[in-house]
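Only one structure is covered here, and it is reproduced in the block below.
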Amino acid sequence: MRTIAVINQKGGCGKTTVSINLASALADEGKRTLLIDMDPQGHCAVGLAVPDEQIEQGIYDVLLSSRRGEPVKLTEILWEISDNFELAPASIDLAAFEQQTNGMTDRENCLKDVLATVANDYDYVIIDCPPAVSLLTFNAIRASTDVIVPVETGYFSLHGLSRQLDTLSILCKQCSQHINVMVLASMYDIRTKMGREILAELRKNFAGRMFWTVVNFNTKLKEAASLGQPICEYDPASRGHKDFQSLAQELIASDTLVEQKQTATAAHKQEPVAMQSSIQARERKEIIEDLDNNLESISSSAQELLAGIKPSQAKAITSENMDDKLNDFYGVRQFGGAVRFLTLYPRAQNVQIAGDFNNWQPQKTMMQKGEDGKWELALELAPGKYRYRMVVDGQWQQDPYNENIEMNPFGEYNSVLEVK
Ligand SMILES: Nc1ncnc2c1ncn2[C@@H]1O[C@H](COP(=O)(O)OP(=O)(O)OP(=O)(O)O)[C@@H](O)[C@H]1O
Ligand SMILES: [Mg+2]
């Protein structure tokens, strides 16, 4: 069984879209596939038309039952989506997982233990992770053989990539299994010169650690999600479907390699116990070093990539430290009594802000469209702490350029702003 966690701390980079459609494409290829939603936002259920009010138990109940000795089994919470394709949905209480397991030993291995009970039932398990480094993400990593990091192919989307990969590296170092980390270019827009240049650079810098398949920007994928269907059902002739078919085939083609690594590990288990533990210790060290090198080079590639972009392409940004500059540039800043929100949504028709400063009424605070896909809004706010979300063409999401986030009672992430 191959277990693949889809991870990126950046919100809205396509994790759920990749998870749902990759799982569905693998099932179409005849692979027994389980999709697990480890994000309390519960978007996998939404994207597959599983009605929220009918989810009586979710992955949270199974994870906790594995520690409390309660009898909730994974099979009891599964929804059959299509042939070979099942979903373990998330319910809002997953947001309380970290708090509820406080003080429990081995709480980072809950998912791994649960998946061990179904190891012979599936060929692939895909895990959709939340846009945050949390115990939930760590559970996913501990249970996985592979990690896919979806990366948008826009210049500004590379912002923070190296920092994210560093964090991932730290998390992976704490695992004993071999983890294959691969970057996946997502939301690629072939029509833009910048998109094509960034993809070429990505391919050069991340060679061997990047999927050949690219997920193109395709509005059919957005439409499919809003109608609760995987792309193979909604529009099998679409570009989006072809991309996910090709991604599934690329993944399946790499099965043999992963199997070889697993067989090698299993062979050592036949050795006498004393020898076994010394082999395991050596193996663990090798695995960690291998992973570490792998991630370090991905991470420095990302830095080189950012530094290598010509200033003419990055327009207003000339500093060597692109990440910090971008942080200064986009996001939310206070100037005297006014707060300026500046963000980038090149394809959006309409961007609004809703927060506790306007009673969560987005229509009261429309952002103004500027050049090159920028959206801006200045508000006068009294000192205090505020929570807000952006509403992009009707879809609520966290501010992608504000790292200060907080989970709300719906299990979604609010962006947080402090006015001094
Ligand atoms: N390749 C694509 N083409 C067009 N739209 C896309 C594509 N991938 C994702 N989207 C759209 O972008 C938005 C964000 O995607 P998605 O929900 O998959 O991101 P995410 O990383 O899971 O977000 P979060 O961090 O909030 O969980 C959605 O509206 C989705 O339909
Ligand atoms: Mg998601």
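The values are calculated or read from the model by the stated rules, or taken from the named source; none is laboratory data. Note that this is a predicted model, so its numbers are computed, not measured. Heads up, the Cβs are rebuilt from the backbone with ideal geometry, glycines too, and the neighbour counts pull from every protein chain shown. Surface accessibility is based on the protein's heavy atoms, side chains included, excluding ligands, DNA and RNA. Shrake-Rupley method; radii C 1.70, N 1.55, O 1.52, S 1.80 Å.
Restricting the stretch 179-195 to residues that are more than 25 Å from residue 255 (Cα to Cα) and within 16 Å of ligand 1 (Cβ to nearest atom), the residue that is most open to solvent (accessible area, probe 1.4 Å) is 191. Looking only at the stretch 1-21, which residues are open to solvent by less than 20 Å² (accessible area, probe 1.4 Å) and more than 13 Å from ligand 2 (Cβ to nearest atom)? Once the filter is applied, which keeps residues that are open to solvent by less than 20 Å² (accessible area, probe 1.4 Å) and more than 13 Å from ligand 2 (Cβ to nearest atom), the stretch 1-21 yields 2, 3, 4.
The set of residues in the stretch 333-347 being part of a loop (DSSP other than H, G, I, E, B) and loosely packed, with under 12 Cβ neighbours inside 10 Å consists of 336, 337.
Screening the stretch 206-223 for residues that are over 19 Å from the mean Cα position of the chain (by Cα) and within 12 Å of ligand 1 (Cβ to nearest atom) and picking the one that is farthest from residue 185 (Cα to Cα) gives 223. Residues in the stretch 27-54 that are more than 19 Å from residue 226 (Cβ to Cβ) and away from ligand 1 (no atom under 16 Å from the Cβ): 27, 28, 29, 30, 31, 32, 33, 34, 54. Quick check on my filter: what residues within the stretch 51-73 are β-branched (Val, Ile, Thr) and either assigned to a loop (DSSP other than H, G, I, E, B) or not assigned by TED's automatic domain parsing to the domain that holds residue 130 (or both)? Scanning the stretch 51-73 gives 55, 72.
Looking across the stretch 22-42, the residues that are away from ligand 2 (no atom under 16 Å from the Cβ), in contact with a strand residue (DSSP E or B) (Cβ under 9 Å, 6 or more places away or on another chain) and in a loop (DSSP other than H, G, I, E, B) come down to 31, 32. The set of residues in the stretch 224-237 that are more than 10 Å from ligand 1 (Cβ to nearest atom), small (Gly, Ala, Ser) and under 20 Å from residue 15 (Cβ atoms) contains only 228. With a requirement of 2 or more residues that are open to solvent by 50 Å² or more (accessible area, probe 1.4 Å) and modelled with pLDDT of 90 or more, the strands (runs of 3 or more DSSP E) lying completely within the stretch 361-420 that satisfy it span 374-380, 384-392. Residues in the stretch 204-261 that are buried (at least 16 other Cβ atoms within 10 Å of the Cβ) and aliphatic (A, V, I, L, M): 210, 214, 215, 221, 224, 225, 231, 247, 248, 251, 252. Within the stretch 117-137, being away from ligand 1 (no atom under 12 Å from the Cβ) and either on the phi > 0 side of the Ramachandran plot or at pLDDT below 90 (or both) holds for 133, 134, 135.
Of everything listed in (1) open to solvent by 30 Å² or more (accessible area, probe 1.4 Å); (2) over 22 Å from the mean Cα position of the chain (by Cα); (3) at pLDDT below 95, the single unmet condition for residue 28 is (3).
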